[in-house]
Amino acid sequence: MKDIVEIRWHGRGGQGAKTASLLLADAAFNTGKYVQGVPEYGPERMGAPITADNRHTRYPLVTGVQTCSLPIYVVVVDETLLSAVDVTAGLKKEGAIVINSSKSPAELRPLLKGYEGRVCTIDAGKISEEELGKNFPNTPMLAAIVRVSGVIGEEEFIKDMEGSFKHKFASKPQVIEGNMRALKRSLEEVQVG
């Protein structure tokens with residue numbers, strides 16, 4: 001792992017990008033890393049574009065730095081943002097972009113303003129519909145960025161998420177199994193181009 005791994009999330013209000021970024025920060029923290037999870041807020045509303053950032057390192061982080069202007073990874077929870085927001089701004093070519101799409105990485109590359117790094121896709125909508133019964137793309141996207149970035153080991157991640165889901169969904173234990181299936185399936189179904 002590099003000194004600092006920065007991940008920027010792009011989504012729309014209500015899709016869970018902020019929640020997924022904070023879950024990733026919690027999971028990395030639980031493995032002994034120093035982390036920051038920074039959602040960016042403004043006058044957003046349901047459906048409006050939002051961003052959230054993660055930083056992960058083995059060393060204490062300097063506070064006061066807010067946004068990931070030069071991320072090594074970008075997660076795009078909503079494919080329609082590719083034409084609405086410059087999701088590759090500052091993205092390092094040695095990194096990767098992970099996009100929620102049924103399309104292949106090759107099909108999406110022309111939409112990425114000349115980005116030369118890895119392009120990864122996962123059909124998070126399909127996975128969440130099939131495993132959770134609703135379109136909650138943040139759970140599959142969370143697993144996808146873990147797989148692509150290696151910021152946390154996959155086994156550690158699954159174990160931590162199971163504990164997190166048991167706490168978060170204590171009053172709704174029936175949703176834990178579906179979320180765990182969605183995570184495990186997503187780790188396997190990421191396409192890397």
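Descriptive notes on the structure:
- Count of region 82-100 residues which are surrounded by fewer than 20 Cβ atoms within 10 Å (Cβ to Cβ) and out of contact with any Leu (no Cβ under 8 Å at 6 or more places or on another chain): 6
- Close pairs (7 angstrom Cβ cut-off, 6 or more residues apart or separate chains): over 10 Å from N138 (Cβ atoms) in region 11-27, among the aromatic types (F, W, Y) anywhere: A27/F157
- Residues (more than 10 Å from L183 (Cα to Cα), part of a helix (DSSP H, G or I) and either open to solvent by less than 40 Å² (accessible area, probe 1.4 Å) or among the polar types (S, T, N, Q) (or both)) located in region 147-162: V148, S149, D160
- Subset of region 1-59 (residues that are modelled with pLDDT of 85 or more and among the polar types (S, T, N, Q)): Q15, T19, S21, N30, T31, T51, N54
- Qualifying residue in region 117-132 (condition: closer than 28 Å to I4 by Cβ, out of contact with any Cys (no Cβ under 8 Å at 6 or more places or on another chain), open to solvent by 70 Å² or more (accessible area, probe 1.4 Å) and not in a loop (DSSP other than H, G, I, E, B)): yes
- Yes/no for K103 being open to solvent by 30 Å² or more (accessible area, probe 1.4 Å) and either free of Cβ contacts under 8 Å to residues at least 12 places away in the same chain or over 30 Å from S164 (Cα atoms) (or both): yes
The values are calculated or read from the model by the stated rules, or taken from the named source; none is laboratory data. Just so it is clear, the model here is predicted, and its values are computed rather than measured. All Cβ positions, even for glycine, are placed from backbone atoms using ideal geometry, and neighbour counts span all protein chains on display. When the accessible area is computed, the model is the full protein with side chains, heavy atoms only, and any ligands, DNA or RNA have been set aside. Shrake-Rupley method; radii C 1.70, N 1.55, O 1.52, S 1.80 Å.
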